[in-house]
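Undergrad: Quick one: this structure, given as structure tokens, is what I'll be asking you about.
Since every read-out is calculated from the coordinates, none of them should be taken as a lab result. Given the structure is predicted, the values throughout are model-derived calculations rather than measurements. Here the Cβ positions follow ideal geometry from the backbone for every residue, glycine too, while neighbour counts run over all protein chains shown.
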Amino acid sequence: MPPLYLRFRFLGARYHATPWGHHVNEGLVEWPPSPWRLCRALLATGFTKLGFQEDTLPDAMRALLAALSEAPPSYSLPPSAVAHTRHYMPIVGKTTKVFDTFAHVGDRAVYVRWPVDLEPESRALLADLLTHLGYLGRAEAWAEGAVLDEPPPGVTFDTRPLAADEPAPPGCDRVSALAPVRAADYAAFREGALTGALEAENQQRVAAGKKPLSKAARKKREADFPVDLLSCLLTPTDALHKAGWRQPPGTRWVDYARPVEALDPAPARVPTTALTTTRRRAEYVLFALASDTERGNVLPQMRRALIQCELLHWAAVKSLDKLKQTLGIAEHCPELTGQDARGVPLEGHEHAAYYPLDLDRDGRLDHVLVHARGGLGDLAQRALEHVRFSYDRDHEVRVFVNVAAMGDAAVVGPLLEHAGSSILNPTGARVFVTATPFIAPRHLKRSGRNTILGQVRAELQSRGLPEARDITFGARREVVERGFLRFVRERRGRKPPSTRPWWIRLELAEPPPAPFSLGYASHYGLGLFLPAPDEYALPHDRPSPS
């Protein structure tokens, strides 16, 4: 029997859907889209776009739904990142905070393989329905669908149904998805369940000295049990809740094997087993920030970038310690601690650095990019996944964080570029300027290697960065105009040799391989260099400085 192949793309790069039985504020994403959701989306499209009427539903639609309920599909899921936004929803007399969690899938597609053989009329109707599909999941998850003759080369349907006693393969999570039951199975279930419910209610009434159910009461009770599978699909969710259904009638839970990287990081997953080596090292982690205060969502100002990045580092180390205690391991994690097993600080700047970002350009810190040149191992990735907030005890401010993306530049880069950030240097620029003030790491001297020029060159060399062809230091006016004097420039308990902020423009001999920061507290937000806007660019044929 030839299988049915479907393709779904999300035009807004996001898939919004909450699994059945969970509240939207739990921060969970239904991934993959459940077979039950797919069937209901097809029906909804037919009613809204093709003029379906419940009493004159096309026979081809009934045959299509019956075929799709015969067996659950398999999926090919693109690597995606879970993220969320927070906003206040108005209700009667007040507002309530809502967490809108979604899977960021970018421009990658979801492929579905359904082991069913459709009649030509049903296949043609399915193609028409997918052509008119407006969204899949919540209304903001704009989608387009298509029927394929064959999947593209290289597509593997590794998110597949599992037997009841079948363990998840190595490198896979076990997740559950809601699927329709066969029409005949539902008919048998309804007959038995309805008979049992009516008998039980009659027995209760007789025991209480009341008359058995009247004909009208029996008919009203029967209405709580949809007459067939199609009626189950058409019954609104609020009506199911009102009738007391904990799970939609006509459905069953299907366990799937889902690759761990299909939704990385997975939300709120507490590890209870030993670490595995199936996860690849990640070079970047992008955190999205949100702050709860009496005034609503108020994020830290960029001038407090050093404080917030250091707080986030402490939260990561605390999460690491808790994770090691939970797992009962003593494994060292130098990429997060910045120290070797003896507590000696690392050299070479291979460990994690925290880069503050203001992606919406409102002067406030809304994202932090964690970059480890040497990569983040499985233990470090899990620790960062479980960071939920940082807390500034001096100001009693709690900033919530959520992993928006994790992986290499190919995974994180598109999100940053979409937000207008050039920190990963997609154009291969060679001219850079300081986005946060550079603070000299050693006492400044008038001559020798510890001049400000010598220290910048030494910082570039210590990180293995290309040689600088030109280094320009801004005048005090440039420093003042960019607000560098207002930046916090001292780590807690670690005062720098000099707190003087510098604005610097660099022209490197070649594009650097990754983002970089230089100087004192460069791992905590200071001395961050970003590609220069056009007005600072220099001709590439400018002579090298003597």
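Undergrad: Net charge near Glu144, counting Lys/Arg +1 and Asp/Glu -1 over other residues with Cβ under 12 Å of its Cβ?
TA: Summing Lys and Arg as +1 and Asp and Glu as -1 gives +1.
Undergrad: Of the labelled options (1) 24.9; (2) 26.6; (3) 33.9, which one gives mean projected area of the Cα convex hull in nm² as computed for this structure?
TA: (3)
Undergrad: Going down the list Lys318/Lys495; Lys97/Lys318; Lys97/Lys219; Lys49/Lys215; Lys445/Lys495; Lys215/Lys242, which pairs span over 30 Å between their C-alpha atoms?
TA: In this structure, Lys97/Lys219; Lys49/Lys215 lie more than 30 Å apart at Cα.
Undergrad: Please list, in order along segment 326-334, the HN-Hα scalar couplings obtained from phi with the Karplus expression 6.51 cos²θ - 1.76 cosθ + 1.60 (θ = phi - 60°), rounded to whole Hz, x for Gly and Pro.
TA: 5, 7, x, 10, 10, 4, 8, 9, x
Undergrad: At 222 nm, what value in deg cm²/dmol follows for the chain if DSSP H runs of at least 4 each add -39500 (n - 2.57) and the sum is divided by all its residues, to the nearest 500?
TA: Calculated from helices alone, the mean residue ellipticity at 222 nm is -8000 deg cm²/dmol.
Undergrad: Let me ask you something else. According to the square roots a ≥ b ≥ c of the eigenvalues of the Cα gyration tensor, what is the shape class of segment 304-410, taking rounded for a/c under 1.5, prolate for a/b larger than b/c otherwise, and oblate for the remainder?
TA: Cα axes put segment 304-410 in the prolate bin.
Undergrad: Under a cut-off of 19 Å between alpha-carbon atoms, report the aspartates and glutamates in cross-link reach of Lys210, not counting same-chain residues fewer than 8 places apart.
TA: The qualifying aspartates and glutamates are Glu199, Glu201.
Undergrad: Which residues in segment 405-420 have a backbone N closer than 20 Å to a point placed 7 Å from the Cα of Thr326 along the Cα-to-Cβ line?
TA: It comes to 405-407, nothing else.
Undergrad: Show me, for segment 521-533, the HN-Hα J-couplings you get by feeding each phi into the Karplus relation (A = 6.51, B = -1.76, C = 1.60, θ = phi - 60°), rounded to Hz, glycine and proline as x.
TA: 6, 5, 7, 10, x, 8, x, 7, 9, 10, x, 6, x
Undergrad: A follow-up question, please. Can you run phi through the Karplus equation (6.51, -1.76, 1.60; θ = phi - 60°) for segment 371-387 and list ³J(HN,Hα) in whole Hz, with x for Gly and Pro?
TA: Result, ordered by residue: 10, 10, 4, x, x, 10, x, 4, 5, 5, 5, 5, 4, 5, 4, 9, 6 Hz.
Undergrad: Right, here's the next one. With the contact rule set at Cα under 8 Å and sequence spacing of 6 or more, what percent relative contact order holds for the chain?
TA: Reported as a whole number, the value is 14 percent.
Undergrad: Check which residues have an amide H placed less than 5 Å from Ser291's amide H, if you skip close sequence neighbours.
TA: The list, which skips near neighbours in sequence, is Val298, Phe400.
Undergrad: Could you list which residues have their amide H under 5 Å from that of Thr159, counting only those 5 or more apart in sequence or on another chain, with H placed in the peptide plane?
TA: It is Tyr75, Leu77, by chain and number.
Undergrad: From largest to smallest, what semi-axes in whole angstrom does segment 66-209 give when each is the square root of 5 times an eigenvalue of its alpha carbon gyration tensor?
TA: 35, 28, 19
Undergrad: What whole-number value in cubic angstrom gives the convex hull volume per residue for the C-alpha atoms of segment 78-146?
TA: Per-residue hull volume (Cα only) is 132 Å³.
Undergrad: Another question, then. Tally Lys/Arg at +1 and Asp/Glu at -1 over every other residue whose Cβ is under 13 Å from the Cβ of Leu194; what's the total?
TA: Computed value for this residue: -1.
Undergrad: Based on the alpha-carbon set only, what is the convex hull volume of segment 1-141 divided per residue, in Å³?
TA: 133 Å³
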